[in-house]
1. Taking the condition of being crowded, with 16+ Cβ neighbours inside 10 Å and not in a helix (DSSP H, G or I), how many residues in the stretch 21-59 meet it?
2. Out of Arg38, Arg13, which single residue is touching a Lys or Arg at 6+ places or on another chain (Cβ under 6 Å) and free of Cβ contacts under 8 Å to residues at least 24 places away in the same chain?
3. (1) touching a Phe, Trp or Tyr at 6+ places or on another chain (Cβ under 8 Å); (2) without any contact (Cβ under 8 Å) to a residue 24 or more places away in the chain: which one isn't true of Pro72, the others all being true?
4. Do we have Glu40 as modelled with pLDDT of 95 or more, charged (D, E, K, R) and more than 13 Å from the chain's Cα centre (by Cα) here?
5. Suppose we filter the stretch 1-46 for residues that are among the charged types (D, E, K, R) and touching a Gly at 6+ places or on another chain (Cβ under 7 Å); how many remain?
6. Among (1) aliphatic (A, V, I, L, M); (2) crowded, with 17+ Cβ neighbours inside 10 Å; (3) part of a helix (DSSP H, G or I), which single condition is Ala63 missing?
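The values are calculated or read from the model by the stated rules, or taken from the named source; none is laboratory data. The model shown is predicted, which means the values in this text are computed figures rather than measured ones. For neighbour counting, all protein chains shown are included, and Cβ atoms are generated from backbone atoms with ideal geometry for every residue, glycine included.
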Amino acid sequence: MEPEAVVGAKIRRLREDAGWTLEQLGDRCGMDLSYVSRVERGLKNVQMRTIVRIACGLGVSPATLVEDVRCPEPPVRRTP
């Protein structure tokens, strides 16, 4: 799964666990609900400052939002 989708899914899970709507999370973060929705769906490549704002709104550390992101496998080099 792409990193944006992993982070978005984590944000959605935490928001739903808190019982909040997109609008409520947006208000807590100072962001428009349509933007938060795009982040949750993995449609936005978010900057670190956005991750920090959303994490603060959720009451978690920024690391919590990215902890499930995995590094891609390095490309295999073929020798001739």
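1. 4
2. Going through Arg38, Arg13 in turn, the sole match is Arg38.
3. For Pro72, the failing item is (1).
4. On the way: modelled with pLDDT of 95 or more: yes; charged (D, E, K, R): yes; more than 13 Å from the chain's Cα centre (by Cα): no.
No; evaluated as a whole, the condition is false for this residue.
5. Number satisfying all stated conditions: 6.
6. That leaves (2) as the condition not met.
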